[in-house]
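Asker: Got a structure here, written out as structure tokens. Questions coming.
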């Protein structure tokens with residue numbers, strides 16, 4: 001019997017996944033563990049693997065379809081079943097011959113990078129395209145996957161796009177700029193020579209070339225990560241009654257600590273300090289270190305702090321697990337590692353799951369203050385602005401210039417009372433103003 005391949009349940013609360021792209025075609029031979037398709041969960045993109053060796057027989061869903069978990073998405077045939085179930089031979093020989101022949105790995109790399117295999121010269125046997133051929137083609141025009149996808153959707157030649165990324169890599173913003181740039185004006189051809197010479201009074205001005213009107217809008221589909229973010233945050237804001245509490249923390253002690261470490265050649269970011277301080281404060285106020293699903297509230301004994309990382313396609317929140325047990329140095333190393341994986345699109349499901357509290361720091365973008373929407377099923381999130389120099393009164397009432405940080409807490413009022421949220425902010429401010437508290 002054909003072997004069914006089901007949509008896996010990647011997370012406990014996951015109900016459906018969207019098929020981003022198929023990595024195989026019907027009739028392809030696969031081995032156990034080979035990736036069949038890429039799907040997007042509510043957190044990251046994952047691959048569905050073949051449960052055993054076989055031949056891909058039937059793809060039941062197309063790219064872009066949202067499939068409930070545990071539904072069959074395709075079937076695999078064993079070798080002895082393949083002949084009986086083989087599809088009829090198509091008579092369209094020229095189209096079959098025109099399709100580029102490539103190894104499964106080469107095809108998968110090309111698809112994930114939105115590279116047209118027809119433009120790749122194969123170096124394998126009988127011109128077959130190999131992994132090395134695809135990688136060499138990708139090196140000719142350095143571009144992010146998002147930029148390649150946009151270019152493929154709109155027929156843009158990446159070789160004609162000026163890249164602004166590292167070493168000239170084309171970014172998604174570069175393709176957007178190329179799409180919005182007006183088309184070059186047509187070159188005006190000189191008028192035909194008149195039948196008789198024109199005098200000065202007979203000279204006629206040449207009309208200026210017409211400039212095409214720019215497109216009024218660019219329409220893109222709400223899909224993939226952007227669609228997941230939209231659905232989750234809409235549901236969060238509609239179902240969780242948000243309360244917002246604001247406080248400011250004086251950051252002189254943190255600034256001094258960072259400068260001392262910098263002089264020793266060590267790196268410490270404000271984000272790492274915030275993660276440690278939040279973990280410390282959550283230990284005192286477990287009401288905020290919680291998740292809510294349906295009518296059940298779970299209070300966690302460990303602080304798994306999510307940090308929002310901005311990507312081209314949206315936002316992702318990798319998690320620093322057991323932050324209360326980690327030193328500032330260990331947290332900094334984990335922050336750097338997860339941020340690099342996030343921007344490379346290599347985060348695993350474990351690295352973005354299990355968060356009990358989140359931090360969204362937009363200080364590096366010059367934002368003074370903002371409010372954040374809670375990341376479900378968590379019950380609180382901290383929005384952090386930039387550090388600004390402000391005059392504050394000293395013990396004698398005289399104005400002194402101090403580095404001040406704005407903290408805005410969003411909490412789910414179904415779980416968190418206003419007083420508990422206020423006490424948490426009070427202790428968080430104490431930890432930031434006196435970092436020595438974090439080692440106690």
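Asker: Any idea how many residues of region 340-378 are assigned to a helix (DSSP H, G or I) and closer than 26 Å to residue 248 by Cβ?
Answerer: Summing the residues that are assigned to a helix (DSSP H, G or I) and closer than 26 Å to residue 248 by Cβ in region 340-378 gives 3.
Asker: Which is modelled with pLDDT of 70 or more and in contact with a strand residue (DSSP E or B) (Cβ under 8 Å, 6 or more places away or on another chain), of 102, 137?
Answerer: It is 102.
Asker: Among the residues of region 293-338, what is the count of those that are under 16 Å from residue 45 (Cα atoms) and either in contact (Cβ under 8 Å) with a residue 40 or more places away in the chain or not in a strand (DSSP E or B) (or both)?
Answerer: 9
Asker: Same structure again: Tell me yes or no: at least one residue of region 277-292 is modelled with pLDDT under 95 and part of a loop (DSSP other than H, G, I, E, B).
Answerer: No, every residue in region 277-292 fails to be modelled with pLDDT under 95 and part of a loop (DSSP other than H, G, I, E, B).
Asker: OK, next. Would it be correct to say that residue 404 is crowded, with 17+ Cβ neighbours inside 10 Å, over 30 Å from residue 239 (Cα atoms) and touching a strand residue (DSSP E or B) at 6+ places or on another chain (Cβ under 8 Å)?
Answerer: yes
Yes or no, residue by residue, for (1) at pLDDT 95 or above; (2) crowded, with 16+ Cβ neighbours inside 10 Å; (3) not assigned by TED's automatic domain parsing to the domain that holds residue 405:
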residue: 294; (1), (2), (3): no, no, no
residue: 303; (1), (2), (3): yes, yes, no
residue: 310; (1), (2), (3): no, no, no
residue: 320; (1), (2), (3): yes, yes, no
residue: 334; (1), (2), (3): yes, yes, no
residue: 351; (1), (2), (3): no, yes, no
residue: 359; (1), (2), (3): yes, yes, no
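Asker: Let me ask something else about it. Residue by residue through region 233-269, note down the ones that are outside any loop (DSSP other than H, G, I, E, B), surrounded by fewer than 21 Cβ atoms within 10 Å (Cβ to Cβ) and in contact with a helix residue (DSSP H, G or I) (Cβ under 7 Å, 6 or more places away or on another chain).
Answerer: Correct list: 243, 245, 247, 250, 253, 257.
Asker: Another question, if that's okay. Applying the selection to region 65-76, what residues are under 27 Å from the mean Cα position of the chain (by Cα), surrounded by 13 or more Cβ atoms within 10 Å (Cβ to Cβ) and touching a residue at least 60 places away in the same chain (Cβ under 8 Å)?
Answerer: Within region 65-76, 67, 69, 71, 73 qualify.
Asker: Which condition breaks for residue 381 when tested against (1) within 29 Å of the chain's Cα centre (by Cα); (2) part of a strand (DSSP E or B); (3) farther than 15 Å from residue 245 by Cβ?
Answerer: All conditions are met except number (3).
Asker: A further question follows. Just to be sure I understand, how many residues within region 22-64 are touching a helix residue (DSSP H, G or I) at 6+ places or on another chain (Cβ under 6 Å), outside any loop (DSSP other than H, G, I, E, B) and either without any contact (Cβ under 8 Å) to a residue 60 or more places away in the chain or under 22 Å from residue 117 (Cβ atoms) (or both)?
Answerer: 1
Asker: I'm trying to understand the selection: among the residues of region 416-440, which are surrounded by fewer than 19 Cβ atoms within 10 Å (Cβ to Cβ) and more than 22 Å from residue 269 (Cα to Cα)?
Answerer: Passing the criteria: 417, 418, 419, 420, 422, 423.
The values are calculated or read from the model by the stated rules, or taken from the named source; none is laboratory data. These numbers were taken from a predicted model, which means no experiment stands behind them. Using ideal geometry, Cβ is built from the backbone for each residue, glycine included, and neighbour counts are taken over all protein chains shown.
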